[in-house]
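The values are calculated or read from the model by the stated rules, or taken from the named source; none is laboratory data. Predicted model, so just to flag it, every value in this text is computed and none were measured. Here the Cβ is made from the backbone with ideal geometry for all residues, glycine too, and neighbour counts use every protein chain on show.
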Amino acid sequence: MGCYDCCMRCLGGVPYCSLVATLLCFSGIALFCGCGHQALTETERLIETYFARNIQDYITLAYIIQYFQYVIYGLASFFFLYCIVLLAEGFYTTSASKQTFGEFRSTMCGRCLSSTFIVMTYALAVLWLLVFAFSALPYRITYDLYIAAFAGAGITLLALLTYTASTTYNFAVLRYLGRKGIGSRC
């Protein structure tokens, strides 16, 4: 077997849909978190400059804005890890790699894990749809930052929907091949 055959065999096992969704999710989350953090900082400065009449109200609002900035840090790390896990799951369940690299085995545990990822990704997509909708409420001076955060939320939503489609497809393939008697059980 030559180098070309080996490369084509390896490339045949790559879950391209999950790979594209991972790249979309990374870029969308980076755009949303970076611009969202900066927009919140600018909003705090705007409120301090123009609307801070009562110092206690300003301090409370500053804590709320700081809390949302910490939520953005958490979102960035969560989505980074979740995308890596979904990409690994995409490699695991890609039927092309299973058929190329050896005997196909579909376990009940693997099908259960895939269905769990489908449900989690669908729930995240619904929640992220709310984030997408709420990020469309910009202030006048920080308008550009909020629009960029809105675009990042949209890209991330597209990535989550792509993940949902790819994991559902992979789950369907696992179920189909498991019913044909090709798979084994845990």
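Checking Ala39 against (1) surrounded by fewer than 18 Cβ atoms within 10 Å (Cβ to Cβ); (2) within 17 Å of Leu145 (Cβ to Cβ); (3) modelled with pLDDT under 90: exactly one of these is not met. Which one?
Evaluating Ala39 over (1) surrounded by fewer than 18 Cβ atoms within 10 Å (Cβ to Cβ); (2) within 17 Å of Leu145 (Cβ to Cβ); (3) modelled with pLDDT under 90 leaves (1) as the failure.
Contact list please: Cβ distance under 7 Å, first residue in the range 22-33 and farther than 11 Å from Ala149 by Cα and of a type in the set (A, V, I, L, M), second residue surrounded by 18 or more Cβ atoms within 10 Å (Cβ to Cβ) and at pLDDT below 90, pairs at least six apart or on different chains.
Pairs found: none.
For residues that are part of a helix (DSSP H, G or I), charged (D, E, K, R) and loosely packed, with under 15 Cβ neighbours inside 10 Å, scanning just the range 42-65, find the one that is modelled with the lowest pLDDT. Show your work before the answer.
Here is the first cut: in the range 42-65, the ones part of a helix (DSSP H, G or I) are 42-51, 55-65.
Still in the list and also charged (D, E, K, R): 42, 44-45, 48, 57.
Going one step further and asking which of them are loosely packed, with under 15 Cβ neighbours inside 10 Å, we end up with 45, 48, 57.
Details: Arg45: 85, Glu48: 81, Asp57: 78.
Checked the range 42-65; the qualifying residue modelled with the lowest pLDDT is Asp57.
Considering the range 1-18 alone, what residues qualify as being assigned to a helix (DSSP H, G or I), out of contact with any helix residue (DSSP H, G or I) (no Cβ under 7 Å at 6 or more places or on another chain) and surrounded by 13 or more Cβ atoms within 10 Å (Cβ to Cβ)? Working first, answer last.
Let us first name the residues in the range 1-18 that are assigned to a helix (DSSP H, G or I), namely 3-11, 16-18.
Next, only the ones that are out of contact with any helix residue (DSSP H, G or I) (no Cβ under 7 Å at 6 or more places or on another chain) stay: 3-8, 10-11, 16.
Matches in the range 1-18: none.
Suppose we keep only residues that are at pLDDT 80 or above and among the hydroxyl-bearing types (Ser, Thr, Tyr) within the range 66-109. Which one would you say is nearest to Leu160 (Cα to Cα)?
Per the stated criteria, the residue is Tyr82.
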